[in-house]
Structures are given as C-alpha cells and as structure tokens.
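Here the structure comes first, spelled out in structure tokens, and everything after it is commentary.
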Amino acid sequence: MATVKPTPPPGDAVASGSKTATVSKPAAEQHLEVTEDEVVIDFKPNSKCCADLRLRSRHPSLPVAFKVQTSSPLKFLVSPPRGAVQPLSSASLRVVLRPQPHAPPSFPRSRGDRFLVLSSLSVAQLDSNSTTNGATAIRLRVFFGGPYLLRLAADAGDAAAVRLILRRQPHLLPLLHPEAAVSDGVEQWAPLHAAAARGDSGEVRRLAPDALGARDRDGRTALHVAAEAGEAEATAALVEMGADTAAADAWGRTPLDVAREKGHQEVVDILERSELVMTAARRGDLQKLETLLNKRIGVRGRDQYGLTALHLAAIKGHCDVIALLAGSGCMDIECEDVEGHRPLHLAVEGGCAEAVELLLDMGPDVHATTRRGATPLQMAVTMGYDAIAQLLRARGAEEAAAPEALCIASSSPSSISCA
C-alpha cells in the first residue's frame with residue numbers, strides 16, 4: 001500500500017547537545033491511501049494495456065478530493081483523472097497505456113514514467129499543485145510486466161529482469177518452466193494453464209480434453225489464465241472445447257470478470273458471446289442464436305452446472321433450437337452436465353414429448369444413466385409422463401428397476417423433483 005508522509009518544510013534549527021534537531025511546521029494529514037504500491041501494467045506491443053488503482057479514504061466525515069498526474073501524458077490516460085472519495089470509502093481508477101509499437105526502453109521498472117496522486121479536503125488546494133497548502137502527494141512508479149516482456153527478457157538473457165518480473169508476478173513462472181513442480185514457493189500450474197497463459201492454442205486443444213477442470217492454488221482454471229493474459233485465441237479454443245465460463249476462482253471471479261478487470265476487450269467479447277448463446281438457447285431465440293453461431297465462438301460453452309446450450313434448449317422444449325444445435329452437428333447429443341444428464345434426460349424432465357421425439361430421431365443412447373443411475377424412461381415414469389414413457393419404450397427403452405431413492409432432478413435451475 002502506497003502511503004507517503006508529506007515532507008515538512010524546513011524550519012529553525014535548535015541545538016541539543018552535539019546534535020541538531022529540525023523544527024518544522026505540522027505536516028498535512030494523509031487522508032488518502034493507494035492500495036497498490038506501483039502501477040503494474042502487463043505490456044503487449046500495439047495493444048491498449050490497462051492497470052487498476054484503488055484509492056481509499058481515511059477521513060471519517062468529509063470527502064477527500066484527488067487529482068492524478070503523470071510524467072508521460074502522451075503515453076498514459078487516467079480515468080477519472082480527478083474526483084472525490086467519500087468518507088471511509090474506496091474508488092477505482094484505470095490507467096491506460098496507449099498502444100506502443102515497441103517494448104518500454106527500461107523494464108520491468110520504468111526510469112521515466114511516474115504517477116502523482118494529490119489529495120486534499122479542498123479542491124482549491126489541489127489546483128495550486130503545492131503540498132505546502134494542505135495537499136498531500138503519493139508517488140507511484142510504473143512496473144511493466146506480463147508474458148510478452150518475460151519472454152523478451154528471457155530471450156535476451158536478462159536474468160535480473162526475469163527475476164524482477166517473477167518476483168512481482170510469480171504466476172508467470174510456468175511460461176519459463178512448464179514442467180517444474182515447485183520453484184521458489186510457487187505452486188506448479190497444470191500444463192494446460194501454462195499453454196493458455198502463453199497463448200499456445202494448438203497445445204491448448206491437445207491438452208484441454210483431459211484438463212479443463214484443473215485449477216491452480218488460487219482456484220483459477222486455464223480459462224481464467226487465458227483471460228488474464230489477454231490471449232484471445234487460447235480463450236476461444238477453451239470455450240469451444242467446453243471450458244466452464246462461469247467457474248469462479250478463490251475470489252469469486254469468473255473468467256469474464258478477470259478479462260474485464262484487465263481491459264482485454266477481445267477476450268471479453270468471446271466470453272460474452274458464450275453467455276449470449278446460452279441465453280438465446282434458454283429463451284428459444286432462434287434468430288439471435290443463428291447470428292451467434294455464424295461467428296462459431298461460444299457454441300460449446302457451459303454454465304456452472306455443466307449445462308450446454310443444447311441442455312437448456314432440451315429442458316425448455318425449444319425444438320427449433322435443438323434442431324439447429326444438434327441437427328447441424330455442432331453439438332454432441334450425448335454431452336453430459338456435471339450430474340451426467342444428457343439432453344434426452346432434460347427433454348424428458350421438461351415434459352415436452354416433441355423435444356424428446358426430436359432427440360430420439362437423432363439416435364441417442366436411450367439407456368444412458370445419470371450419476372444417480374436414472375435412465376430417461378425411469379425419469380418419465382417417476383414424473384408421470386405416460387406419453388413420453390410410451391414413446392421411449394417404442395424406441396427401444398427397456399424397463400429397469402429404479403435404484404432406491406432415485407433422484408431425477410437435474411442440476412438445472414429448472415429441475416423438478418426427487419422420487
């Protein structure tokens with residue numbers, strides 16, 4: 001946390017034995033804190049790079065006015081550049097580095113880039129640009145890091161820069177040593193995390209089928225890591241392969257939250273598109289869904305229950321959407337949610353005979369069981385859907401004894417009951 005005591009103006013010197021003490025006027029009280037000690041920017045060439053700062057008021061009753069200045073106004077934007085923080089509250093600022101074609105001339109710590117946060121209980125004191133009239137100042141250096149600069153430093157053999165970046169951003173270690181187990185107290189990422197962080201979409205596609213649910217010690221999935229690094233291609237690959245876009249890390253953040261915090265708009269668009277596909281399928285909005293599917297990204301996204309767009313269309317009985325998603329071959333009719341429900345199970349649960357018949361025409365396994373051992377026919381019988389039960393029998397479904405305390409409810413919010 002950056003908190004700076006203002007330097008008191010020189011006063012009269014008073015002798016005390018063989019030492020000299022300096023008497024000064026009382027310093028202005030520090031009413032504002034910056035929770036970050038540096039402006040940390042993940043640099044990528046020709047990209048808008050962002051960093052967030054949080055200001056915290058220490059004053060119990062009055063708003064604290066602030067103004068932010070930078071030594072490099074042609075390179076940086078601050079939003080908002082000035083304002084007020086309410087008593088004992090916090091406010092967020094975003095620092096934006098305009099796209100730069102080349103790496104910073106000095107990194108990780110910049111020699112020439114600085115930020116000054118002036119604060120006061122009086123706006124007039126801020127505009128005087130002087131800390132002698134009651135305003136206080138917090139000075140922040142700029143730290144340039146991120147995957148691009150780490151690789152650049154490693155390729156150049158700049159061990160000092162590599163150490164500094166890893167000290168500030170230890171989660172980048174697997175980019176250098178993806179097979180290392182533990183180094184300097186940093187827990188190893190799964191290989192998929194490392195591939196996602198460095199944007200290796202080919203390796204992501206190779207590793208993803210067996211590791212989509214893997215998490216690091218902070219609860220982050222590979223999709224979180226790709227989103228944080230701004231790797232759009234890796235993000236798209238993970239979404240297409242069924243990564244859980246609603247997975248929350250140890251701080252409750254989803255990959256979309258992380259991408260928004262970092263200002264990676266292309267990644268935000270990909271993840272939002274996945275959510276829009278799910279919403280369109282749930283609502284039966286065929287026209288919207290067709291538009292989204294033309295962009296090909298976001299089709300195979302899942303929610304926190306492991307439900308796909310096809311699951312949602314099935315339980316809602318949206319036959320046109322089922323035909324679009326499954327009939328075109330873009331989604332597997334045997335995909336499972338976290339409890340083992342396939343689209344046919346959920347079509348039965350939704351009670352729509354037309355949707356059940358449509359899925360049966362596509363040749364699913366009529367004897368597939370959920371994690372609790374329920375077949376589509378057992379669900380239909382237990383829920384009293386006689387017409388659907390007869391339809392399933394006509395397509396080869398055989399009676400089987402239901403397990404004790406058979407639970408037929410899906411993980412969907414639309415689940416109905418347990419028998």
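The values are calculated or read from the model by the stated rules, or taken from the named source; none is laboratory data. Everything numeric here is computed off the predicted structure, so don't read it as measured data. Glycine gets a Cβ as well: all are built from the backbone with ideal geometry, and neighbour counts include every protein chain shown.
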Query raised in the report: For region 108-123, which residues satisfy the criterion of being surrounded by 19 or more Cβ atoms within 10 Å (Cβ to Cβ), more than 18 Å from Ser47 (Cβ to Cβ) and not aliphatic (A, V, I, L, M)?
Result: Phe115, Ser119, Ser120
Query raised in the report: List pairs: first in region 35-64 and surrounded by fewer than 18 Cβ atoms within 10 Å (Cβ to Cβ), second among the hydroxyl-bearing types (Ser, Thr, Tyr) and part of a strand (DSSP E or B), Cβ under 7 Å, 6+ apart or cross-chain?
Result: Asp52/Ser92; Arg54/Ser90; Arg54/Ser92; Arg56/Ser90
Report summary line: Exactly one of Glu228, Glu233, Glu266, Glu272 is in contact with a helix residue (DSSP H, G or I) (Cβ under 8 Å, 6 or more places away or on another chain) and either closer than 13 Å to Ala194 by Cα or part of a loop (DSSP other than H, G, I, E, B) (or both), and that residue is Glu228
Report summary line: Within region 275-301, the residues that are under 17 Å from the mean Cα position of the chain (by Cα) and either modelled with pLDDT of 90 or more or not in a loop (DSSP other than H, G, I, E, B) (or both) are Glu275, Leu276
Query - strands (runs of 3 or more DSSP E) fully within region 74-165 counting 1 or more residues that are of a type outside the set (Lys, Arg) and without any contact (Cβ under 8 Å) to a residue 40 or more places away in the chain - result: 76-79, 82-85, 90-97, 109-120
Report task. Any residue in region 206-227 that's within 18 Å of Asp337 (Cβ to Cβ): show its pairings with residues that are crowded, with 24+ Cβ neighbours inside 10 Å at Cβ separation under 6 Å, as long as the two are six or more apart or on different chains. Result -> Leu212/Ala243; Leu223/Leu238; Leu223/Ala243; Leu223/Pro255
**Report entry** Any chance Pro105 is more than 26 Å from Leu166 (Cα to Cα) and either surrounded by fewer than 19 Cβ atoms within 10 Å (Cβ to Cβ) or assigned by TED's automatic domain parsing to the domain that holds Leu32 (or both)
**Finding:** no
Query raised in the report: Filtering region 79-118 down to residues that are out of contact with any strand residue (DSSP E or B) (no Cβ under 7 Å at 6 or more places or on another chain) and of a type in the set (Gly, Ala, Ser), which residue is nearest to Gly263 (Cα to Cα)?
Result: Ala103
Query raised in the report: Residue check: is Leu344 under 28 Å from His224 (Cβ atoms) and buried (at least 20 other Cβ atoms within 10 Å of the Cβ)?
Result: no
Report task. Test each condition in (1) surrounded by fewer than 19 Cβ atoms within 10 Å (Cβ to Cβ); (2) assigned to a loop (DSSP other than H, G, I, E, B); (3) at pLDDT below 85 for Trp251 and report the one that comes out false. Result -> (3)
Query raised in the report: Do we find that Val225 is at pLDDT below 90, of a type outside the set (D, E, K, R), over 11 Å from the mean Cα position of the chain (by Cα) and not assigned by TED's automatic domain parsing to the domain that holds Cys50 in this structure?
Result: no
Requested in this report: Go over the candidates Leu121, Leu126, Leu152 one by one and state the one that is under 21 Å from Lys262 (Cβ atoms) and either among the hydrophobic types (A, V, I, L, M, F, W, C) or out of contact with any strand residue (DSSP E or B) (no Cβ under 7 Å at 6 or more places or on another chain) (or both).
Outcome: Leu152
